[in-house]
Amino acid sequence: MSIHIINPLSDDRWDHLVARHPRASVFHQRGWLEALSRTYGYQPLVLTSAPTDKPLRDGIVLCRVSSWITGTRLVSLPFSDHCEPLLNEAGESEEFMNCLRAQCGRNRWKYVELRPLFDRQCVGYGLPSSSSYWFHELDIRPSSEQLFRELHRSSFQGKIRRAERARLSYEAGRSEQVVNDFYRLLLVTKRRHKLPPQPRKWFKNLVECLGENVEIRVARKDDVPIAAVLTLRFRSCIVYKYGCSDERFHNLGGIPFLLWQLIEESKAWGAQRIDLGRSDLDNRGLIAFKDRLGAARRLLTYYRHTNGNAAMHVEPQAFWGFSMLPDAVLSAAGRVLYRHVG
């Protein structure tokens, strides 16, 4: 098998493969790749067996990340909880893995990392596991009544009723005002966790590049934004990507209120599941939060081929301690640092 490299931002064949492949996700879409490229300068590429004049029947999408802190490497994909190789037969994997290892050595990249949702494509082809997480997913096909009954009584049911009694209002959309309200709440939340925020232009680019497939919901009390969530949409799956809130109003249940709105509206759209992303295995608070929403969880494992000495791997938690910075400086720190994390 010959392996070819194409640019998914300019080759329309990639869009056609993503549209029809059963394991494609929102993270495979051109809009997500374009937002990564615009915001962080990552260069996306796709490995495929299809020559230039043939339709794509397979492909593995990756981004080249160049950093003076973490080195140059290929990641599939940065800031994406998972990204399944779009292959059709188990036997195809070995050829692609051989190509990835060869490219890694030839270009002196630090490593190549794959983040498959299912690990069957990577086991046995020389890609050792590098890290594991819990992956959470909520099946929303049951009735609204049944889903509500399965919510944790105090963490969700009680808080949703409290939000309704408090007459919280909410707005869903992609307007500049909604993005600004979301980002202000994100700054508050990141400061609370002593972390820098993602760059503001990341969210601006998501809205511009993904269009109607991204939506922000903001809950307000007397016109004051108190909580917000950002979701992505692809086929029958909704991805809960970001959530943020003002802790002064936590007693009003803004996040549970927004998540229940999301569940009901997603059902109305015909969605079948909500992807709640990953959690670190030792993050008991986040794991409990998603469990109490009624989500199922299973292990999510990343795989990495390292070229010689391992590169430094940086998580956002490495930047802990930013809570004392002014908002403008905190936001600037995020612009500088996040591109090294992907």
Over the stretch 76-117, the set of residues under 15 Å from the mean Cα position of the chain (by Cα), aliphatic (A, V, I, L, M) and surrounded by fewer than 22 Cβ atoms within 10 Å (Cβ to Cβ) is 117
Check your understanding: Does at least one position in the stretch 148-171 carry a residue that is closer than 14 Å to residue 230 by Cβ and either of a type in the set (Ser, Thr, Tyr) or in contact with a helix residue (DSSP H, G or I) (Cβ under 7 Å, 6 or more places away or on another chain) (or both)?
Key -> yes
Being surrounded by fewer than 20 Cβ atoms within 10 Å (Cβ to Cβ) and in a strand (DSSP E or B) narrows 5, 60, 69 down to just 5
Pairs returned, first residue in the stretch 5-24 that is among the polar types (S, T, N, Q), second residue that is surrounded by 15 or more Cβ atoms within 10 Å (Cβ to Cβ), beta-carbon separation under 8 angstrom, 6 or more apart or interchain, are 7/44; 7/45; 7/46
The condition from (1) touching a residue at least 60 places away in the same chain (Cβ under 8 Å); (2) surrounded by 21 or more Cβ atoms within 10 Å (Cβ to Cβ) that residue 41 misses is numbered (2)
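Determine whether the stretch 134-154 contains at least one residue that is among the hydroxyl-bearing types (Ser, Thr, Tyr), modelled with pLDDT under 95 and outside any helix (DSSP H, G or I).
no
The values are calculated or read from the model by the stated rules, or taken from the named source; none is laboratory data. Bear in mind the structure is a predicted one, so any value in this text is a computation, not a measurement. Cβ atoms come from the backbone with ideal geometry, glycine included; neighbour counts cover every protein chain shown.
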